[in-house]
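Worksheet: one structure, shown below.
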Amino acid sequence: MNFGDQQQDLETLLNASGVLAGANYKVNFIEFDSGPLVDAGFAAHRIDIGTMGDLPASLAVKSGLPVKAIAVDKPIGASEFLLAKPGITSISQLKGKPVAYTTGTAEQAFALRALKTAGLTQHDVQQVNVSLLQLGTVLESGSAVASVVTVGQKVDYQSTHPGSTVLATQDTVTPASYGYLLGSTAALGNPAKLAAIGDLTKRLIKAWNWEKSHQSQWITDYYVNVEHQTTAAAKLILAAGGTESYVPIDATVQAALQNVVTLMAGAGAWPAAFSVAPLYAAAETQRYDAIVKEVPQNG
């Protein structure tokens with residue numbers, strides 16, 4: 001089974017936790033730098049399943065990709081931040097100024113939600129469209145006065161710029177943001193792969209349980225060895241966020257994704273709104289929701 005991962009996150013988690021031991025299938029991890037690139041992996045038939053944020057998930061529907069939602073997670077704590085340089089203390093001050101976020105990613109959806117809290121749209125700011133990995137450097141370079149950053153990027157910047165201000169987090173905007181695991185309809189139509197996907201979903205939940213109870217090891221295995229953070233910085237990252245729990249695919253989850261589409265269309269980023277309903281299949285939702293009930297979660 002080919003698994004579209006991002007920046008070795010779930011690959012490291014599954015291997016470090018040891019939960020893949022005894023699986024009667026092999027998982028081949030294919031790494032991507034962003035959710036839109038995972039979508040491209042589906043389009044090229046390179047992957048069977050793939051992980052992404054809410055905006056790339058809605059883009060999959062917009063593009064007519066043959067995929068369905070097979071799992072949904074919700075971050076525990078704030079995992080994305082709208083961080084401003086010293087001197088900027090409110091979102092309203094961003095009007096007319098350069099703000100960094102990556103087009104087509106969950107970071108764009110978060111940025112638009114944050115701007116909306118001050119009555120602004122993306123037309124009210126000058127977008128600095130850089131890769132996800134560069135979002136943490138644009139504040140330092142002066143290319144932007146605010147940027148959507150990860151916990152790690154926030155920790156790095158604030159360590160040398162203590163006067164910087166967090167203008168918004170995932171916890172301060174609505175509706176909530178969710179992460180998605182999508183599966184191709186071809187894989188879901190293959191009995192052997194369908195069984196493997198269900199089993200892997202259970203192992204993913206167990207892997208996140210492991211992470212919550214083995215945080216020192218996770219810090220070393222991922223944040224230090226993969227992300228190349230210091231141990232001190234990694235502890236700050238994990239304290240601020242960096243973990244998640246799986247939630248049922250219900251009306252709230254689907255409404256949140258529909259809101260992303262409404263937000264993008266309302267901001268003029270997309271020509272028109274569309275329904276995200278094709279992403280959800282009753283059979284897949286029922287199978288996944290049963291797994292969430294079956295496998296206990298820590299936190």
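The values are calculated or read from the model by the stated rules, or taken from the named source; none is laboratory data. Worth saying up front: this structure is predicted, and the values here are computed from it rather than measured. Neighbour counts run over all protein chains shown; Cβ positions are idealised from the backbone, glycine included. All accessible areas refer to the heavy atoms of the entire protein, side chains included, with ligands and DNA or RNA removed. Shrake-Rupley method; radii C 1.70, N 1.55, O 1.52, S 1.80 Å.
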| request: Have a look at GLY41, GLY189, GLY163 and tell me which one the Gaussian network model of the chain (Cα, springs below 10 Å) gives the largest fluctuation. | output: GLY189
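Considering only region 61-162, what is the antiparallel percent among its DSSP beta bridges, to the nearest 5?
Roughly 50 percent of the DSSP beta bridges within region 61-162 come out antiparallel.
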| remark: Calculated from DSSP helices alone, with each H run of at least 4 adding -39500 (n - 2.57) and the total divided by the residues of the chain, [θ]222 nm to the nearest 500 comes to -12000 deg cm²/dmol
| task | Return one number: the angle in degrees, 0 to 90 and rounded to the nearest 10, between the long axis of the Cα atoms of helix 191-213 and the longest principal axis of the Cα atoms of the chain. | result | 50 degrees
| remark: Taking trypsin sites (Lys or Arg not before Pro) as exposed when in a DSSP loop with at most 16 other Cβ atoms inside 10 Å, the chain has its longest clean stretch at 96-299
| note | Note on the chain, DSSP bridge orientation, antiparallel percent to nearest 5 equals 65 percent
| remark: With all protein chains in place and a 1.4 Å probe, VAL247 shows an accessible area in Å² (nearest 10) of 30 Å²
| query | Efficiency by 1/(1 + (r/R0)^6): what FRET value for GLN286 and HIS123, r their Cβ-Cβ distance, R0 = 45 Å, to the nearest 0.05? | reply | 0.65
| request: With a/c under 1.5 counting as rounded, go ahead and sort region 1-156 into rounded, prolate or oblate using the C-alpha gyration tensor (a ≥ b ≥ c being the square roots of the eigenvalues; past the cut-off, prolate if a/b is larger than b/c, else oblate). | output: prolate
| task | Have a look at ALA71, ALA233, ALA168 and tell me which one the Gaussian network model of the chain (Cα, springs below 10 Å) gives the largest fluctuation. | result | ALA233
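Can you work out the FRET efficiency for the pair LYS202 and SER143, with r the C-beta to C-beta distance and R0 = 45 Å, to the nearest 0.05?
0.55
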| field | Helix axis angle, 151-160 relative to the chain longest principal axis, alpha carbon, degrees | value | 30 degrees
| Could you state the per residue volume, in Å³, of the convex hull enclosing the Cα atoms of region 44-109? | 136 Å³
| query | Is region 1-81 best put as rounded, prolate or oblate by its Cα gyration tensor, with a ≥ b ≥ c the root eigenvalues, rounded for a/c under 1.5, and otherwise prolate when a/b is larger than b/c, oblate when not? | reply | oblate
| note | Computed about the Cα centre, the charge dipole of the chain from +1 Lys/Arg and -1 Asp/Glu charges at the Cβ has a magnitude in debye, to the nearest 20, of 340 debye
| field | Candidate lysines - alpha carbon under 19 Å from LYS193, same-chain residues fewer than 8 apart omitted | value | LYS26, LYS68, LYS202
| query | So how long is each side of region 229-294 along the principal axes, counting just the alpha-carbon atoms, biggest first, in Å? | reply | 45, 39, 16
| About its Cα centre, what dipole magnitude does region 22-77 give when the only charges are +1 on Lys and Arg Cβ and -1 on Asp and Glu Cβ, stated in debye to the nearest 20? | 160 debye
| Hey, what does the equivalent ellipsoid look like for region 87-164, semi-axes from the Cα gyration tensor as sqrt of 5 times each eigenvalue, largest first, whole Å? | 18, 15, 11
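If I stretch the segment between TYR25 and GLN297 completely, what's the gain in nm (0.36 nm per residue apart, minus their alpha carbon distance), one decimal?
On the way: separation 272, 0.36 × 272 = 97.92 nm, distance 2.40 nm.
Length difference between fully extended and current span is 95.5 nm.
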| region 75-229: Rg/Rh from Cα coordinates, Kirkwood Rh? | 1.05
| task | For the chain, just list the percent of Cα-Cα distances falling in each 10 Å bin from zero outward, please. | result | 6, 28, 36, 23, 7, 0
| message | Please report the spacing between the Cα centers of region 257-299 and region 102-147 in Å, no decimals. | response | 23 Å
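Relative to 2.2 N^0.38 Å, what does the C-alpha radius of gyration of region 184-298 come to as a ratio? Two decimals please.
On the way: Rg = 18.2 Å, N = 115, 2.2 N^0.38 = 13.4 Å.
Dividing the Cα Rg of region 184-298 by 2.2 N^0.38 Å gives 1.37.
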